[in-house]
Amino acid sequence: MSAPAIAIIDYDMGNLHSVSKALEVVGAKPLVSDRPDDIVTADAVVLPGVGAFDPAMTHLHRRGLVPVIHQVIQQGMPFLGICLGLQVLFESSEEGKEPGLGLFAGTVKRFHAEPGLTIPHMGWNQLTLTQSDCPLWQDLPPTPWVYFVHSYFVVSDDPELVAATVCHGRQTVTGAIACKNVFACQFHPEKSGKVGLQVLRNFVNFVRRPSP
């Protein structure tokens, strides 16, 4: 099968070059764009994100991308959110006042201060995979090491949505979610070495799967 076309949404909040390069390495044809036509005609969509919640939502609204994201997800297009691209899928965040995309029930909270705890949570940490059948986890070690940079984390109203958790200090928080055609990671697969590339390769393989 030819390389699937994966639209990487450009809203001035993501590490676009690294994500694009990593997807290219694992066999995709990435296209960085903020044009709705490019996004809705792709085979899959990636929403990266680095920065704060309110500016992210402001940029998405200004570029008319909020209804586009809802459309592609509702139509069943494979979708991958990364870091802030996970958090904006939920209803709200303690980081700001803007409503999120509201695709999933839940909120985004800041890590609680505790002695010796570094905030942001930055660096390598191990995932606990809570959805063993999640397509993103194929051919990964049981507790894979991945790279994080975040001060806030998702609290989902639906525990079954959580595909992986991670511990930082005494706090166990959401490391990834998965639901039907939607996947999102709090960690950065594009910065997570071989494991991260395998996660992206698994996403590309999911995109390539035969239509039901």
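The values are calculated or read from the model by the stated rules, or taken from the named source; none is laboratory data. The structure displayed is predicted, hence computed values, not measured ones. Positions of Cβ are backbone-derived with ideal geometry, glycine not excepted, and every protein chain shown enters the neighbour counts.
Considering segment 99-113, and only residues there that are in contact with a strand residue (DSSP E or B) (Cβ under 8 Å, 6 or more places away or on another chain) and not in a strand (DSSP E or B), the residue that is nearest to residue 193 (Cα to Cα) turns out to be 111.
Applying a threshold of 8 Å to beta carbon distances and a minimum spacing of six or more residues, or different chains, the list of pairs starting in segment 132-156 at a residue that is under 15 Å from residue 193 (Cα atoms) and at pLDDT 95 or above and ending at one that is hydroxyl-bearing (Ser, Thr, Tyr) and not in a loop (DSSP other than H, G, I, E, B) reads 143/128. Among the residues of segment 18-30, those identified as surrounded by fewer than 18 Cβ atoms within 10 Å (Cβ to Cβ) and in contact with a helix residue (DSSP H, G or I) (Cβ under 9 Å, 6 or more places away or on another chain) are 18, 21, 25, 27, 29. Restricting segment 111-130 to residues that are of a type in the set (A, V, I, L, M, F, W, C) and surrounded by 10 or more Cβ atoms within 10 Å (Cβ to Cβ) leaves a set whose member that is nearest to residue 161 (Cα to Cα) is 129. Only residues that are touching a residue at least 60 places away in the same chain (Cβ under 8 Å), among the aliphatic types (A, V, I, L, M) and surrounded by fewer than 24 Cβ atoms within 10 Å (Cβ to Cβ) were counted across segment 72-104, and they come to 3. Taking the conditions exactly as written (buried (at least 24 other Cβ atoms within 10 Å of the Cβ) and out of contact with any Pro (no Cβ under 6 Å at 6 or more places or on another chain)), does residue 142 satisfy them or not? When the stated conditions are applied, residue 142 does not pass them.
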